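Worksheet: one structure, shown below.
The values are calculated or read from the model by the stated rules, or taken from the named source; none is laboratory data. Source: prediction; values computed, not measured. Don't worry about glycine lacking a Cβ; one is built from the backbone with ideal geometry, like all the others, and counts go over all protein chains shown.
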Amino acid sequence: MGLMLAILGFLLMILLHELGHFWAAKKSWVKVKEFWIWIPPRILTLWEDKDWTIYTLNLLPLGGFVRLKGEDPIQQEEFLAQDSFFWQPLKNKILILIGWILMNIGLAWLLLTAWFWMGLKPLMIIPQNMLQIETHSYLLPTFTNLRQWWVIPPSSQEKVKIIGLLSGWLASKAGLKTGDIILSVNGTPVTPDSLSLVLKDSINKNISITYLPSWANSSQQLFLQCPEDSCFLGIKMDSPSFEYPTFKFDLPQASIVALKELAQETKISFYILKNLFKNLLSFDKEGLSKAGENIHWPVLAAKMSENILNNLGIGSFLAFLGIISLSLAILNLLPIPALDGGRLLSILIQSILRLNPTKYFLIESYINIFFFVLLMILGLYIVYKDVLTLKSLT
């Protein structure tokens with residue numbers, strides 16, 4: 001049931017995104033030829049409205065699409081039609097391409113406002129040293145944030161005792177074991193409270209860790225190199241458990257907190273995207289492998305939504321959908337052909353340089369088709385990889 005609600009939630013966000021394009025095109029008197037739900041091949045035609053727009057359900061659950069008149073490079077005569085997208089004034093083109101942003105960001109803000117008002121638990125607590133940037137997110141707080149806000153008291157646990165390791169991260173690669181106790185980092189004694197802060201100052205640096213092995217009576221030392229984007233050991237510490245706090249505000253304050261939360265989530269999203277593209281463009285084996293490990297989307301996101309719904313409740317689930325809605329807006333604004341940001345950049349170049357629209361947009365149409373196919377292949381690969389990941393976890 002939870003997984004079905006998650007899938008329906010994602011479908012709703014896709015529909016709202018495409019409705020933004022649809023509404024802006026209709027307001028600009030541009031002919032909408034087809035409203036796709038998911039990606040072809042087509043399964044069936046749902047209906048046709050009075051403006052001869054057909055609504056279709058397709059096979060691949062990777063998104064949706066609004067097909068406007070003049071976007072098909074085979075039918076070149078449509079470029080010259082008055083109701084063609086490519087012959088609209090620049091302001092109409094911009095409105096059509098980014099009209100959805102009001103839908104996505106507006107939905108995220110409404111969902112967060114409603115549930116900050118009703119009471120909202122964090123989605124997860126993240127280590128301070130997992131991100132190089134400072135964050136003050138209510139949905140993804142650090143333990144430092146929670147202690148600064150007096151939500152939880154300082155930990156009385158003095159020992160950093162390892163009770164679990166994440167495969168592939170610094171601690172497991174260095175040979176630390178379950179039961180080991182970390183005594184100091186770079187000569188500075190650490191506790192569960194201070195470890196993440198000390199590690200955060202060591203990003204992109206060499207560090208020394210003094211630890212007491214579970215099988216020995218004397219301490220040992222090892223040396224590590226922290227990456228450029230984090231200094232995350234990947235350990236689970238023996239520390240007192242606690243209940244996730246609930247953040248609740250009156251309605252006017254909740255609306256302001258929701259705006260601030262959107263700003264924090266945007267900051268985190270751009271940080272993650274920056275590191276992702278940095279790894280992709282490194283063209284070295286380690287960077288590409290790291291980028292591949294961090295690319296996930298539909299299947300794991302749906303599964304995560306189900307877990308949030310079952311463990312944290314409907315409020316956190318809808319807040320997560322709001323963050324996904326914001327992420328969709330950010331991703332679509334990237335200046336990549338076939339994405340809305342790429343198409344927006346293209347029409348601005350054509351307008352500023354006053355290039356011949358017929359030839360320019362014909363070439364752009366073929367480029368968009370090429371990148372659209374690449375993105376669909378990438379989408380299918382991500383789905384396949386997510387399914388394999390889920391199988392390995394069950």
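The residue of segment 9-50 that is surrounded by the most Cβ atoms within 10 Å (Cβ to Cβ), among those that are closer than 19 Å to Glu78 by Cα and β-branched (Val, Ile, Thr), is Val30. Picking from residues in segment 375-386 that are among the aliphatic types (A, V, I, L, M) and surrounded by 13 or more Cβ atoms within 10 Å (Cβ to Cβ), the one that is modelled with the lowest pLDDT is Val383. Might you let me know whether segment 26-40 holds any residue that is free of Cβ contacts under 8 Å to residues at least 24 places away in the same chain and part of a strand (DSSP E or B)? Within segment 26-40, one or more residues are free of Cβ contacts under 8 Å to residues at least 24 places away in the same chain and part of a strand (DSSP E or B).
Among the candidates Gln148, Gln132, Gln157, which residue alone is within 16 Å of Cys226 (Cα to Cα) and modelled with pLDDT under 85?
Only one candidate qualifies: Gln132.
Restricting segment 66-83 to residues that are surrounded by 20 or more Cβ atoms within 10 Å (Cβ to Cβ) and not acidic (Asp, Glu), the residue that is nearest to Thr45 (Cα to Cα) is Val66.
Among the residues of segment 196-248 satisfying the criterion of being assigned to a loop (DSSP other than H, G, I, E, B) and of a type in the set (A, V, I, L, M), which is nearest to Ile162 (Cα to Cα)? Selected residue: Leu233.
Which of the residues that make up segment 354-367 are closer than 15 Å to Pro89 by Cα and part of a helix (DSSP H, G or I)?
Our first condition is that a residue be closer than 15 Å to Pro89 by Cα; within segment 354-367, this holds for 354-358, 361.
Selection gives Pro357, Thr358, Phe361.
Per this entry, Thr53 is not counted among residues that are under 30 Å from Gly234 (Cβ atoms), touching a residue at least 12 places away in the same chain (Cβ under 8 Å) and surrounded by fewer than 20 Cβ atoms within 10 Å (Cβ to Cβ).
Here is the figure for segment 105-136: residues that are closer than 22 Å to His17 by Cβ and hydroxyl-bearing (Ser, Thr, Tyr) total 1.
With Lys274, Lys260 as the choices, which residue is among the basic types (Lys, Arg) and either touching a Ser or Thr at 6+ places or on another chain (Cβ under 6 Å) or at pLDDT below 80 (or both)?
On the way: Lys260 fails: either touching a Ser or Thr at 6+ places or on another chain (Cβ under 6 Å) or at pLDDT below 80 (or both).
Selected residue: Lys274, the only one of Lys274, Lys260 that is among the basic types (Lys, Arg) and either touching a Ser or Thr at 6+ places or on another chain (Cβ under 6 Å) or at pLDDT below 80 (or both).
Looking only at segment 94-104, decide whether some residue is modelled with pLDDT under 80, farther than 20 Å from Leu19 by Cβ and assigned to a loop (DSSP other than H, G, I, E, B). The answer is no, given that none of the residues of segment 94-104 is modelled with pLDDT under 80, farther than 20 Å from Leu19 by Cβ and assigned to a loop (DSSP other than H, G, I, E, B).
Any residue at all in segment 162-174 that's modelled with pLDDT of 85 or more, crowded, with 17+ Cβ neighbours inside 10 Å and more than 16 Å from Gln225 (Cα to Cα)? Scanning segment 162-174, I find at least one residue that is modelled with pLDDT of 85 or more, crowded, with 17+ Cβ neighbours inside 10 Å and more than 16 Å from Gln225 (Cα to Cα), so the answer is yes. Count of segment 56-79 residues, restricted to those that are free of Cβ contacts under 8 Å to residues at least 24 places away in the same chain and assigned to a helix (DSSP H, G or I), is 2.
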